[in-house]
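Heads up: the structure comes next, in structure tokens.
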Amino acid sequence: MPTQRRLANAIRALAMDAVEAANSGHPGMPMGMADAATALFTRHLKYDPADPHWPDRDRFVLSAGHGSMLIYALLHLTGYARPTMEDIRNFRQLSSPCAGHPENFMLEGVETTTGPLGQGLASAVGMAIAERHLNAVYGDDLVDHRTYVIAGDGCLMEGINHEATGLAGHLKLGRLIVLWDDNRITIDGSTDLSRKEDVLARHEAMGWHTVECDGMDSAKVSKAIDEAVADERPSLIRCKTIIGYGAPNKQGTAATHGAALGADEVAAARKELGWDLPPFEIPDDVAQAWREAGSRGASVRAAWEQRLAASDRAGEFTDRMAGKLDDGWLKPYVDGLLSDPPKVATRKASEMALEAINAAVPATIGGSADLTGSNNTKTKGMQALTAENYGGRYIYYGIREFGMAAAMNGMALHGGVLPYGGTFLVFSDYSRPAIRLGALQTAKVIHVMTHDSIGLGEDGPTHQPIEHLQSLRAMPGLHVYRPCDAVETAECWAAALANKGPSLLALSRQNLAPLRTSAASQNLSARGAYRLKSAEAARKVILIATGSEVEIAVAVARSLEDRGIGADVVSMPCTEAFDAQDAAYREDILPDVSNREILRVSIEAGTTFGWERYTGLHGLRIGIDRFGASAPAPDLYEHFGLTAPKITERVLAHMNIREIA
Ligand SMILES: Cc1ncc(C[n+]2csc(CCOP(=O)(O)OP(=O)(O)O)c2C)c(N)n1
Ligand SMILES: [Mg+2]
């Protein structure tokens, strides 16, 4: 039986050889943490390479994503179908799932994409929340697992670490266990250059259990993990390691962090480690021992499968983990709205829709970053999810927008829950890195962002989004919805629930008139844009508006029609969804954009940047290309020229029609 050290050396060899072959990558971290990872994967982690989706597996997050070769080596050695040795040989090449940083959409066994430091750990907090919640709902028989993280100095230095550890400590997520690769090295050199704090004391102050060990001794790491498992608080295990361990001339230095070691140093490391095989070859005894470690979980999974089969909630559980949702709430809810169309803010309309959704979809877990009453995210009877009641469905995230968004990604990736969380749209800047990482991963999260324009009024320019909508629309994979009334808000919620990946709802603070007052045969908002009103006179103008400005567009159209100028009003709640429609539909709504006979006008209380996409360069773009101001909302709309008379004037001027007084 090979020693644990020899098993770890297989990881070291693969890491340095793959980085050498690619002449790119990060050998230091996998070589330093190889012993700790060996302890985790051979003795503690619950997993079965034969079924990477087994719902009750432990989750493993390599938060220090630059050390991707660590997880590739582990998945390969323990017997996952991929990566093959060929995949590893092609590390960092286009053909290989062994990408520069681990991508959850390229390899089963990679629970979450990591690379932006700190976010893996913050997402792991969400995984641990999802686990406790589902445990509360389904019991120990079906849900009883842990979340393990390997994090580096960078993950613990990033600001998001404060939000994530604060949340985990507060929620007493005792099944979250973080192994800190304490190698005292980052890219610039020693951590002494930039860090003085007592990291363990900081975690302890936040309600964590901490323990230290020699990270180069897998038996000691194993003992520390046992201690962490026994403690009911989240745990931070300080693994004292040597970066690049095994490379005799470079270990312990930043030189091993992010570059190939070089042929001479690799040869010297082979000698040092007693590893005499050529690159990408694993000795039989080592391969065999790793496979055995990887098969530890098979019987555990079989027992779980039996418990599932015996459970009278098996079907419900399986559907829920598969993300099946009931959309039967939409039609009766919209019918109700149409019978008595309300004039409400879309944030209020969102709350009304959520009343129906939360009743119909038990998987939703709502929350807000301390703006519950403003975001309207908590529906009647929702209990808080707390350390004492994990079964609750509402999370008080505190003022932690980034932590909330990252945790929601983790919850979504865990599966079985559908997170939505609120803040002000302007603070999407605080959560943006997690919105982006969620979009990259197709994590099904719904960001509820209220106070979506100058329409929020008196709080002024710090709180008034300007560039936010367009910059979020520029993000691949994110659906941004900006509904104009209560019916559209319900439709946008339904569309968001049907999306595979993340959605963002931009909602008004101010009340909006009902514009959709008759029944539609389909979810019009899901098409991204649709004709809300058709030109009566010969069509000369198409007014394209979103959210609170649709009401203004309707008034502009009326005054144009009064002058004999036919005007369509196109409501465009979601540009991404519209762009995905077939050409015939797009052509019907916005015909030939180069046709100068028809003037296209965009109206949105935000930047005009990018609206040429729908107006054409010769079109007219009405918006706000400066920061807002502090005043009551109607005064601001007047001040920034966003009123029907002012816009009508600009449209007429653009058409070269002089008003006859
Ligand atoms: C948010 C973010 N900032 C910067 C980087 C670039 N970066 C990658 S690794 C690294 C150093 C991290 O140090 P540590 O976590 O100690 O890793 P080690 O050098 O020990 O492997 C940096 C700055 C990043 N990936 N993410
Ligand atoms: Mg480090």
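Could you report the chain's accessible area per residue, 1.4 Å probe, as an integer in Å²? List each step's numbers first, then the result.
Values: 24480 Å² over 661 residues.
Accessible area per residue, the chain: 37 Å².
Taking the Cα centre as origin and putting +1 on Lys and Arg beta-carbons and -1 on Asp and Glu beta-carbons, what dipole magnitude results for segment 345-493, to the nearest 20 debye? Working shown, then result.
Working: 11 positive and 13 negative charges, 80 e Å.
The dipole of segment 345-493 has a size of about 380 debye.
For the chain, which whole percent of the accessible surface, found with a 1.4 angstrom probe, sits on carbon and sulfur atoms? Before the final figure, lay out the partial values.
Numbers: 12400 of 24480 Å².
Here carbon and sulfur together make up 51 percent of the probe-accessible area.
Along the Cα-to-C-beta direction of Ala309, a point sits 7 Å from the Cα; which residues of segment 39-80 have their amide N less than 19 Å from that point?
48, 50-57
Which stretch or stretches of segment 598-633 have amide N atoms under 16 Å from the point lying 7 Å from Arg531's Cα along the Cα→Cβ direction?
598-601
Which residues in segment 53-81 have a backbone N closer than 19 Å to a point placed 7 Å from the Cα of Asp226 along the Cα-to-Cβ line?
Zone members listed by number: none at all.
Cα axis of helix 486-498 to longest principal axis of the chain: angle in degrees, 0 to 90, nearest 10?
Once rounded, one gets 30 degrees.
In whole angstrom, how far apart do the alpha carbon centroids of segment 563-593 and segment 102-179 sit?
Each part's Cα centre sits 43 Å from the other's.
Going highest first, how would you order 628-641, 362-375 by mean Cβ packing within 10 Å?
Values: 628-641: 16.6, 362-375: 21.0.
Descending packing order for the listed peptides: 362-375, 628-641.
In percent, what relative contact order does segment 193-271 have, based on Cα pairs under 8 Å that are 6 or more apart in sequence?
Working: 94 pairs, mean separation 18.3, N = 79.
Computed value for segment 193-271: 23 percent relative contact order.
Go through Lys343/Lys533; Lys172/Lys324; Lys46/Lys324 and tell me which ones have a Cα-Cα distance over 28 Å in this structure. Don't skip to the answer; put the middle values down first.
Numbers: Lys343/Lys533 19 Å; Lys172/Lys324 30 Å; Lys46/Lys324 26 Å.
Too far apart for the 28 Å limit: Lys172/Lys324.
Quick check: the distance between the Cα centres of segment 612-643 and segment 303-378, to the nearest angstrom?
35
On full extension of the chain, what length is gained from Asp284 through Ala474, given 0.36 nm per residue of separation minus the C-alpha to C-alpha distance? Walk me through the intermediate numbers first.
Working: separation 190, 0.36 × 190 = 68.40 nm, distance 5.03 nm.
Working it through step by step, the gained length comes to 63.4 nm.
Quick one: if the Förster radius is 35 Å, what FRET efficiency do Ser594 and Glu638 give, using the C-beta to C-beta distance and rounding to 0.05?
Step by step, r from the Cβ atoms, then E = 0.55.
Straight-line reach only, C-alpha to C-alpha below 17 angstrom: list the aspartates and glutamates that Lys196 could link to, leaving out same-chain residues fewer than 8 apart.
Asp153, Glu158, Asp181, Asp182, Asp188, Glu204
Go through 3-16, 244-257 and give me the packing order, highest mean Cβ count within 10 Å leading. Walk me through the numbers on the way to the answer.
Values: 3-16: 24.4, 244-257: 22.2.
Sorting 3-16, 244-257 by mean packing, highest first, produces 3-16, 244-257.
Along the Cα→Cβ direction, 7 angstrom out, place labels at Arg43 and Asp188. What is the inter-label distance in nm?
3.7
So if we plug the beta-carbon distance of His162 and Met655 into 1/(1 + (r/R0)^6) with R0 = 56 Å, what FRET efficiency do we get, rounded to 0.05? Write down the numbers at each step before the final one.
Numbers: r = 55 Å, r/R0 = 0.98.
Calculated value: 0.55.
Which of the peptides 437-450, 419-432, 110-123 is most tightly packed, and how do the rest follow, going by the mean number of other Cβ atoms within 10 Å of each residue?
Going by the mean number of other Cβ atoms within 10 Å, highest first, we get 110-123, 437-450, 419-432.
Report the calculated FRET efficiency for Asp562 and Ala267 (r = Cβ-Cβ distance, R0 = 60 Å), to the nearest 0.05.
Working: r = 85 Å, r/R0 = 1.42.
For Asp562 and Ala267, the calculated efficiency is 0.10.
The values are calculated or read from the model by the stated rules, or taken from the named source; none is laboratory data. Because the structure is predicted, anything quoted here is derived from the model rather than measured. Don't worry about glycine lacking a Cβ; one is built from the backbone with ideal geometry, like all the others, and counts go over all protein chains shown. Protein only, heavy atoms only, side chains kept; ligands, DNA and RNA dropped before computing areas. Shrake-Rupley method; radii C 1.70, N 1.55, O 1.52, S 1.80 Å.
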